[in-house]
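Below you'll find the structure, written out as structure tokens, and then a few comments.
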Amino acid sequence: MLRKRQLIFLTDVILFTLTAFGGAQAHIGMMLKNFVKKRQYITENELLELNALTQILPGPSSTQTLIGIAYKVGGLPIAISTFIIWILPSTVMMCLAVLSYTLLGQKEKFGQVLQYIQPVAVGIVAYAAYAFGEKVLKSKTSYWLAAGSLFATLLIRNAYAFPILILIGGIVSSSINRGVEENDLRVRLFSNINPRKIAYFIGVLLLFAGLGALINRTSPFSLPIRMFENFYRNGIMIFGGGQVLVPFMYTEFVEMKAYLTSDQFLSGYAFQQALPGPTFSFTSFVGGMTMKNSGASIYGQIVGSIIAVLGINLPGLILILFIVPFWNDLKKITRIKNSLSGINAVSVGFMGAAFLLLIHPVGINFLSVSLIILTFLLLAYTKVKTPLIILAAVLLGLIL
């Protein structure tokens, strides 16, 4: 009976994966409908608690919430199976987009389509920054943190500024919004944590960062190793899900390291927005395109996609499976909850900076500005879904 329930759950995960458009906000509503009200795998309160947990963890919030449900249904085997089912379709599609990008780029019509697709992608980023900011900017402190991170990102242009700014945001918010000390609770919680697991978690990052620095840049293994460290590090630093992922990646991989061009980045992002599944699957495109631009073969591009997806998702996967057993205690610690507002405020600044950086390659002209504004207004004030906007942009590019 239990095994049958688990197989039904995996079937439901497949159906959810193929219809999960709209990003994390839409995904949580679909989980509530399909996994709580329809199948009753968990209670509504358990789902909301899992979603709250993902908000104070770095990584892909939709993916972590879904894995948390799977863990409650069938433990680690079902959780891992769910993770694979969830990321596979969109990841494969993004990898195929890389493999066909050069061929498509030779067609005149594709260039015309990009004139419509890329401003729409910038409009989507603008809306994400607005929606996320409206949700988390609730105090003067949060506004100052957002503004500070925006200007710091534009001025410093260094990937290691991100974790520092996130740390500052969490410390400032936690210090200002003080709560009751829960010493007994902390002792009980941290006494159950295995320090070896934490050492392994951080050790993976340090190992690949060290290897990337030591290996000769001309070695064929140098770029894949450095890429894994880059994506793994971003997976540790990204709070707020997919809407924060894109600004991080654009700033580091396009502006700082020039792994791919802004045109390539925007085209891939627009394509991902038209697919169901996790926003983090966009990393499959970034990883594959990075290897393509370095002169790698088709097999090398596939390896790049795999490295990127594993690197960005592993921290979130490890954390959710590590922390779920302690969540009942962890969610009661006030300082952890209070730090979230500062971390999210800093993330809003990152998103604002990404929007400003993305406008430059698209260009300031009547068509691009009109499409950016129209996309923003449609997402902000109508019920039109993102995939429909992307499809409309593609049709305009083909017709006009």
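The values are calculated or read from the model by the stated rules, or taken from the named source; none is laboratory data. Computed from a predicted model, the values in this text were never measured in an experiment. Glycine also receives a Cβ, built like all others from the backbone with ideal geometry; neighbour counts cover every protein chain displayed. Areas reflect the complete protein model, heavy atoms only, side chains present, ligands, DNA and RNA absent. Shrake-Rupley method; radii C 1.70, N 1.55, O 1.52, S 1.80 Å.
Along the Cα→Cβ direction, 7 angstrom out, place labels at I84 and N365. What is the inter-label distance in nm?
Between I84 and N365, the simple spin-label model gives 4.8 nm.
Which order do R226, R5, R233 take when ranked by solvent-accessible area (1.4 Å probe, heavy atoms of all protein chains), largest first? Provide the component values of the computation, followed by the final result.
Values: R226 45, R5 85, R233 10 Å².
If we order R226, R5, R233 from most to least accessible, we get R5, R226, R233.
Determine the alpha carbon to alpha carbon distance for each of K38/K138; K38/K72; K257/K385; K33/K138; K33/K72; K33/K140 and list only those over 25 Å. Kindly include the intermediate steps, with their values, before the conclusion.
On the way: K38/K138 35 Å; K38/K72 17 Å; K257/K385 33 Å; K33/K138 29 Å; K33/K72 17 Å; K33/K140 36 Å.
K38/K138; K257/K385; K33/K138; K33/K140, as the Cα separations exceed 25 Å there.
Give me the one-decimal nm value for the distance between modelled label points at L7 and L32, 7 Å along each residue's Cα-to-Cβ direction.
3.3
If ligands, DNA and RNA are left out, what is the accessible area of Y127 with a 1.4 Å probe, given in Å² to the nearest 10?
The value for Y127 is about 70 Å².
Calculated FRET efficiency, I14 and E44, Cβ-Cβ r, R0 25 Å, to nearest 0.05? If you can, show how the numbers build up before the last one.
Numbers: r = 23 Å, r/R0 = 0.92.
Computed FRET efficiency for I14 and E44 comes out at 0.60.
With r defined as the distance between the Cβ atoms of L395 and S175 and R0 fixed at 45 Å, what FRET efficiency is calculated, to the nearest 0.05?
Numbers: r = 52 Å, r/R0 = 1.15.
It comes to 0.30.
How big is the accessible area of K135 in square angstrom, nearest 10, if you roll a 1.4 angstrom probe over the protein chains?
130
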